[in-house]
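Asker: Sharing a structure below in structure tokens format, with a few things to ask.
The values are calculated or read from the model by the stated rules, or taken from the named source; none is laboratory data. Computed from a predicted structure; not experimentally measured. Note that we place each Cβ from the backbone using ideal geometry, even for glycine, and neighbour counts take in every protein chain shown.
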Amino acid sequence: MKTLMALRHVDFEDLGELEPLFTQAGMSIQYLDATRASLAEVDPLEADVMVVLGGPMGVYEAARYPYLQDEIRILKHRIEGGRPTLGICLGAQLIAAAVGANVFPGGSQEIGWAPIVLSDAGRQGPLACLGGTQAGPAPLVLHWHGDTFDLPPGATRLASTSTYENQAFSIGRHVLALQFHLEVQPGAIDTWIEGNKDQLAALGISPESLRVHRNVVSPDAAHQVMSAWLAGFARD
């Protein structure tokens, strides 16, 4: 059985809707809490797939969160080794840092439901189902971040928004980095709201503005993206 290691930073940001897909793909899933685990003991190349999940910390805050440097080291070895790796939000930022890109605070917080704009490469890759078509507009995806990054050397930009140019990128077929969240399960947005209530209050963002578009990206779309990504490197 193949193995999937998920590096988690806060309890409520897990694989969510993606977990059953990975299980159905024959993967044994292991969560590793990055804030508590001894990451120095992790073999970067052992897991068949690694998913690095989101969190409120910034990549540039390694002095406060020293485990971030361990994650960057792990990701650097995985990417150099051609091992399948997915980054979501903070995970995408850590991947960017691991391959030499600058990660920094953006000009504004991007929190809420909004579509992404796919690049030509994005329309031809795993994210294709998230683009608009003649049959309808692009679906809304959940954004929850204030940091951004330069496009890493050797990476291909897949998606942007009007707020941030780099919303998704790939490195070859093995590495996929998403600033936005496809993994949020139906109803789970309430857990996110509770976990980030102080931030939302400080920014003046109404919880109802997040609840009104609950699960706008259907589980089917999330599964299409991940299935296409998995199939892309399964041939190697």
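Asker: Among the residues of the stretch 186-236, count how many are at pLDDT below 85, surrounded by fewer than 15 Cβ atoms within 10 Å (Cβ to Cβ), farther than 26 Å from Gly82 by Cα and among the hydrophobic types (A, V, I, L, M, F, W, C).
Answerer: So the count comes out to 1.
Asker: For the stretch 2-113, please list each of the strands (runs of 3 or more DSSP E) lying entirely inside it that holds at least 2 residues being of a type in the set (S, T, N, Q) and loosely packed, with under 15 Cβ neighbours inside 10 Å.
Answerer: It comes to 27-33.
Asker: Follow-up question, since we're still on this one. Mind telling me which of the residues Pro20, Pro44, Pro56 ends up being free of Cβ contacts under 8 Å to residues at least 60 places away in the same chain and out of contact with any Lys or Arg (no Cβ under 9 Å at 6 or more places or on another chain)?
Answerer: Residue meeting the stated conditions: Pro20.
Asker: Could I ask something else about it? Condition check: surrounded by fewer than 19 Cβ atoms within 10 Å (Cβ to Cβ), aromatic (Phe, Trp, Tyr) and touching a residue at least 24 places away in the same chain (Cβ under 8 Å). Does Phe149 satisfy that?
Answerer: So Phe149 fails the test.
Asker: Condition first: within 17 Å of the chain's Cα centre (by Cα) and over 22 Å from Gln199 (Cα atoms). Now tell me which residues in the stretch 103-128 satisfy that.
Answerer: Within the stretch 103-128, Pro115, Ile116, Val117, Leu118, Gly122, Gly125, Pro126, Leu127, Ala128 qualify.
Asker: While we're looking at this one, here's another question. Output yes when any residue across the stretch 166-178 is charged (D, E, K, R) and either within 22 Å of Gln124 (Cβ to Cβ) or surrounded by fewer than 17 Cβ atoms within 10 Å (Cβ to Cβ) (or both), and no when none is.
Answerer: yes
Asker: Read through the list (1) modelled with pLDDT of 95 or more; (2) farther than 25 Å from Arg173 by Cβ; (3) in contact with a Leu (Cβ under 7 Å, 6 or more places away or on another chain), then give the number of the only condition that Ala62 fails.
Answerer: Condition (1) is where Ala62 drops out.
Asker: Restricting attention to the stretch 144-153, report how many residues are modelled with pLDDT of 95 or more and assigned to a loop (DSSP other than H, G, I, E, B).
Answerer: The qualifying residues number 3.
Asker: One residue is enough: does the stretch 178-189 have a residue meeting the conditions among the acidic types (Asp, Glu), farther than 25 Å from Phe233 by Cβ, touching a Leu at 6+ places or on another chain (Cβ under 9 Å) and touching a residue at least 12 places away in the same chain (Cβ under 8 Å)?
Answerer: Scanning the stretch 178-189 turns up no residue that is among the acidic types (Asp, Glu), farther than 25 Å from Phe233 by Cβ, touching a Leu at 6+ places or on another chain (Cβ under 9 Å) and touching a residue at least 12 places away in the same chain (Cβ under 8 Å).
Asker: Farther than 19 Å from Gly58 by Cα and crowded, with 19+ Cβ neighbours inside 10 Å: which single residue out of Ala138, Ala159 fits that description?
Answerer: Ala159
Asker: Counting just the residues of the stretch 181-214 that are part of a loop (DSSP other than H, G, I, E, B) and of a type in the set (Gly, Ala, Ser), which one comes out nearest to Val51 (Cα to Cα)?
Answerer: Ala188
Asker: Now for a separate question. Going by the conditions given, is Gly16 at pLDDT 95 or above and within 14 Å of the chain's Cα centre (by Cα)?
Answerer: It is false that Gly16 is at pLDDT 95 or above and within 14 Å of the chain's Cα centre (by Cα).
Asker: Same structure, new question: From Gly172, Gly204, which residue is within 19 Å of Ala92 (Cα to Cα) and over 16 Å from the mean Cα position of the chain (by Cα)?
Answerer: Of the residues listed, the single one that is within 19 Å of Ala92 (Cα to Cα) and over 16 Å from the mean Cα position of the chain (by Cα) is Gly172.
Asker: Ok, one more. Taking Ala177 as the residue in question, decide whether it is modelled with pLDDT of 95 or more and more than 16 Å from the chain's Cα centre (by Cα).
Answerer: Spelling it out, it is not the case that Ala177 is modelled with pLDDT of 95 or more and more than 16 Å from the chain's Cα centre (by Cα).
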